[in-house]
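Below is one structure, written out as structure tokens, with a few remarks after it.
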Amino acid sequence: MAERVLKMGMVGGGRGAFIGAVHRTAAMLDGGVIFAAGCLSSTPERAIASGEELGLARSRNYPTWRAMLEGELSLPREDRIDFVSIVTPNHVHYEVARAFAEAGIAVVCDKPMTTTSAEAESLVEVVRRSGVVFGVTYNYSGYPLVKQMREMVGAGELGTIRKVVVEYNQGWLAGKLEGTGQKQAAWRTDPAQSGAGGAIGDIGSHAENLATYVTGLPIEAICADLTSFVPGRRLDDDANLLLRFEERGGVQARGVLIASQVEIGHENDLRIRVYGERGSLRWSQEDPNYLVYCADGQPERIYRRGNGYLGASAVSVTRLPPGHPEAFFEAFANIYNAVGRAIREHAGGLEAPAMFDFPGVEEGARGVRFIEQTVESARGTLKWTSMAAASRGDDRR
Ligand SMILES: NC(=O)c1ccc[n+]([C@@H]2O[C@H](COP(=O)([O-])OP(=O)(O)OC[C@H]3O[C@@H](n4cnc5c(N)ncnc54)[C@H](O)[C@@H]3O)[C@@H](O)[C@H]2O)c1
């Protein structure tokens, strides 16, 4: 029997927006979803104009997200949207996600899930109670070779993990782009819309999720140094962190995490290196169809996406033969497909993400806590031993 086609609604993603179009393309990539309803922009006029441009039916092109929720709930269940995708700036996520989830409609929310951990915990509670399917688009977990890394680490091929180095390097905010009215820069550098984190929230949260997804190791402690290099910027644009992960097998893995938006020359340079007792792996999202594996004492091996020697988790999310690149859209689509399977099988709540392998509300909450704890660590005073103080001590001897 053919799979049931799911109806998608969207909040955000209107004219001139960035990620909404990626979500629509990805959700519909494999034919399991149609775009049925939306409130695509922050003003009613722009929302309606954006929906018209995309061919939404007039009755389901809504001026506000509240009108959308009400309108959809007034439809017979089989006609209403199966899930809503939330692709607004961060500060809008919470109230929209909460309202739809409480109404029993599944949610796909972009990261960071909320702007405070209190809001994030409240969403966990709503999902626990309502049992809806709730996905968070940490899209890098959708790449086949990221799944391959996770499978290899999980199977113990690297031995106990000792060290993780994860970087998200960008340079697009090296100047005061927000001062030019560029929309994406403007809200990302405004604490009221972005939350407590700048670069650490916007891209550091991807690095956190990637490190934990690949290794299965949650971060236990953080020593963070956050800087705003661009004069007048109110949030960090450069973050350098030392990490300690939860202990496994008597070993506490250490980590280094960099998230920067002022590193001129870098575009979306997200990369990860994982070192275990017996081997290492490294992967980069700008060259995502290749994975480097090195076993101790052996030459490097390159795993290439699309080949039969890869594990089941990578093979199952691959569409094209090797050599035809797959990347950003497909990774998002893999998350949408996993969420869609959970919706079709009526398997929501807190268990669904692990069953269907997509990032869920608990990963979303962990990501928000990570941002808050990083900001807290950077504000603390007791974590650095000054080299200058040490040499003054020598002088006194
Ligand atoms: N996963 C990823 O790789 C990724 C990449 C980019 C952005 N994001 C996340 O996606 C979200 C959107 O980012 P963006 O760069 O696309 O932003 P954007 O500014 O380009 O688009 C935001 C859209 O939301 C609309 N909007 C704002 N308030 C609204 C409201 N109350 N109701 C309806 N629509 C409203 C705006 O009009 C706009 O169309 C952010 O949370 C961001 O962190 C994730």
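For the residues S141, S228, the requirement of being at pLDDT 95 or above, of a type in the set (S, T, Y) and under 28 Å from P288 (Cα atoms) singles out S141.
When K176, K163 are screened for being under 30 Å from V251 (Cβ atoms) and not hydrophobic (A, V, I, L, M, F, W, C), only K163 passes.
State whether the residues of the range 149-163 include one that is crowded, with 24+ Cβ neighbours inside 10 Å, away from the ligand (no atom under 15 Å from the Cβ) and assigned to a helix (DSSP H, G or I). So far as the range 149-163 goes, yes, one or more of its residues are crowded, with 24+ Cβ neighbours inside 10 Å, away from the ligand (no atom under 15 Å from the Cβ) and assigned to a helix (DSSP H, G or I).
Of all residues in the range 316-374, exactly one satisfies the criterion of being free of Cβ contacts under 8 Å to residues at least 24 places away in the same chain and among the aromatic types (F, W, Y), namely F356.
For the range 4-15, indicate whether the set of residues that are surrounded by fewer than 19 Cβ atoms within 10 Å (Cβ to Cβ), more than 10 Å from the ligand (Cβ to nearest atom), among the β-branched types (V, I, T) and part of a helix (DSSP H, G or I) is non-empty.
Scanning the range 4-15, I find no residue that is surrounded by fewer than 19 Cβ atoms within 10 Å (Cβ to Cβ), more than 10 Å from the ligand (Cβ to nearest atom), among the β-branched types (V, I, T) and part of a helix (DSSP H, G or I), so the answer is no.
Here is the figure for the range 31-77: residues that are among the hydrophobic types (A, V, I, L, M, F, W, C) and surrounded by fewer than 17 Cβ atoms within 10 Å (Cβ to Cβ) total 6.
Among the residues examined, R24 does not qualify as more than 10 Å from the ligand (Cβ to nearest atom) and part of a loop (DSSP other than H, G, I, E, B). Just one residue in the set G297, G308 is at positive phi, at pLDDT 95 or above and outside any helix (DSSP H, G or I); that residue is G297.
In the range 34-46, the residues that are touching a residue at least 40 places away in the same chain (Cβ under 8 Å) reach residues that are near the ligand (Cβ under 10 Å from one of its atoms) and not in a strand (DSSP E or B) with C-beta atoms within less than 9 angstrom, at least six apart or across chains, in these pairs: A37/Y62; A37/M68; S42/G14; S42/T88; S42/P89; S42/V92. State which residue is farthest from L281 (Cα to Cα) when the search covers only the range 296-350 and only residues that are surrounded by 12 or more Cβ atoms within 10 Å (Cβ to Cβ) and of a type in the set (F, W, Y). So the residue we want is Y336. One residue stands out among those in the range 41-67 that are among the hydrophobic types (A, V, I, L, M, F, W, C) and under 15 Å from G13 (Cα atoms): the one that is farthest from the ligand (Cβ to nearest atom), which is L56. Give me the residue from the range 351-381 that is surrounded by fewer than 24 Cβ atoms within 10 Å (Cβ to Cβ) and among the β-branched types (V, I, T) and, out of that set, nearest to S130 (Cα to Cα). Once the filter is applied, the top-ranked residue is V375.
The values are calculated or read from the model by the stated rules, or taken from the named source; none is laboratory data. From a predicted model like this one, the values you see are computed outputs, not experimental measurements. Backbone-built Cβ (ideal geometry, glycine too); neighbour counts: all protein chains shown.
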